[in-house]
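Read-outs: derived from the displayed coordinates by stated rules, not from any lab. Just so it is clear, the model here is predicted, and its values are computed rather than measured. Neighbour counts run over all protein chains shown; Cβ positions are idealised from the backbone, glycine included.
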Amino acid sequence: MTRERLFTLEEVAQQLGVNVETVRRWARNGEIEVIDLGGRAGYRISESALDKFLRTRIKPIKDE
């Protein structure tokens, strides 16, 4: 079994340059898959879930 890196919501927010509340909103809306570790451990986002989320957000920049 390959172990995958898990990120906290705060780590994802920092990597993407957004507020942690934005990451929480994405999670609540089902836009990004989270793992609930329960209690004080909170939520984690797997590396593959983050990659999948980012692939859905890729959009080409159109020349004006």
J(HN,Hα) series, the range 36-44, from Karplus relation 6.51 cos²θ - 1.76 cosθ + 1.60, nearest Hz, glycine and proline x | 8, 8, x, x, 6, 5, x, 9, 9
With residue 22 itself left out, Lys, Arg at +1 and Asp, Glu at -1 over residues whose Cβ is under 12 Å from its Cβ give 0
What helix-only [θ] at 222 nm does the chain give? Using -39500 (n - 2.57) per DSSP H run of at least 4, over all residues, to the nearest 500, the answer is -12500 deg cm²/dmol
Fewest first, what order do 52, 59 take by the number of other Cβ atoms within 10 Å?
-> 59, 52
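Would you kindly state how much longer the chain becomes between residue 22 and residue 59 on full extension, computed as 0.36 nm times their sequence separation minus their alpha carbon distance, in nm to one decimal?
So the extension gain works out to 11.4 nm.
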